[in-house]
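These notes concern the structure reproduced below.
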Amino acid sequence: MGASTLLDLLYPPACLLCQDRLEAWHPPFCPVCLDSFQPAQGAPVCFDVQGHPAAFETARAPWQYAGPMIQAVHDFKYRQQRRIGRWLSQTMAEQAENELPIDQVDAIVPVPTSWPKARWRGMSAPAFLARDLSKRWRKPLKTRLLRQRWFAVSQTRLSRSLRQRNAAASHRFGAGHARRLRILLIDDVLTTGSTANACARLLKEAGASRVFVLSAARTPAGAGR
Ligand SMILES: [Zn+2]
């Protein structure tokens, strides 16, 4: 019995979003749901955070955080759907391999989170994605490089200005040793970019030479601003 047959017996293949039966084990979504995911299109959003140039070089995401992708990301983050996480990290990898200088990256760093709902079994969603990518590319995973002291309120429930203030405050923590490292910073969803920017700035202050940002999805241009 092949591994996939065994898996089919254990978990009859069904689309993780609409529950329709799947013909094949992979991918985890039916063709209709897959088609409904919108690629993040056009030039990367210019993250002009409070009038200052972004501390990171560029940000990439394979998907727009819109429509059924919102549910998919939610199921990954809050319902511990690891198969969605693995699929997201694969699509992130495919895009990054085309659009980012992955061979030059020295370390992979997840955006830290301490919001309890976003953590499961000791791992946050960004850390899950970062671990997958670090295995794929055989790059060091540095989960302790950025340490979050506190994260009082969910970022997603705050207004933009509050979110920026919260991000600035909550990331006022020490970054570890990052001297001369070229870092790929991983997040699940990029909204205003202020959190990623705060992390990138800390990494730069700790000596990182370049920071690239890769997230699974990003809000459509203009949204959340
Ligand atoms: Zn489906």
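Go through the range 65-104 and count every residue that is of a type outside the set (A, V, I, L, M, F, W, C) and farther than 20 Å from T191 by Cβ.
So the count comes out to 14.
Please verify whether R144 is within 15 Å of the chain's Cα centre (by Cα), of a type in the set (D, E, K, R) and modelled with pLDDT of 65 or more, treating the condition exactly as stated.
Values: within 15 Å of the chain's Cα centre (by Cα): no; of a type in the set (D, E, K, R): yes; modelled with pLDDT of 65 or more: yes.
No, not satisfied.
Within the range 44-67, is even one residue modelled with pLDDT of 90 or more, surrounded by 12 or more Cβ atoms within 10 Å (Cβ to Cβ) and within 12 Å of the ligand (Cβ to nearest atom)?
No, the range 44-67 contains no residue that is modelled with pLDDT of 90 or more, surrounded by 12 or more Cβ atoms within 10 Å (Cβ to Cβ) and within 12 Å of the ligand (Cβ to nearest atom).
Given the criterion in contact with a strand residue (DSSP E or B) (Cβ under 9 Å, 6 or more places away or on another chain) and at pLDDT 65 or above, identify the matching residue among R138, R201.
Just one listed residue meets the conditions, R201.
Can you tell me which condition V153 does not meet? The list is (1) at pLDDT below 55; (2) surrounded by 15 or more Cβ atoms within 10 Å (Cβ to Cβ), and all the others hold.
Exception for V153: condition (2).
Those residues that are closer than 16 Å to L133 by Cβ and open to solvent by 20 Å² or more (accessible area, probe 1.4 Å), I need them from the range 68-82; list them, please. Give the steps one after another, and end with the answer.
Just the residues of the range 68-82 that are closer than 16 Å to L133 by Cβ, to begin with: 76, 82.
Residue satisfying the conditions is R82 alone.
The values are calculated or read from the model by the stated rules, or taken from the named source; none is laboratory data. Values in this document were obtained by computation on a predicted structure and should not be read as measured data. Counting neighbours? That spans all protein chains shown, and the Cβs are built from the backbone with ideal geometry, glycine included. Please note that ligands, DNA and RNA were not included when accessible areas were found on the heavy atoms of the full protein model with its side chains. Shrake-Rupley method; radii C 1.70, N 1.55, O 1.52, S 1.80 Å.
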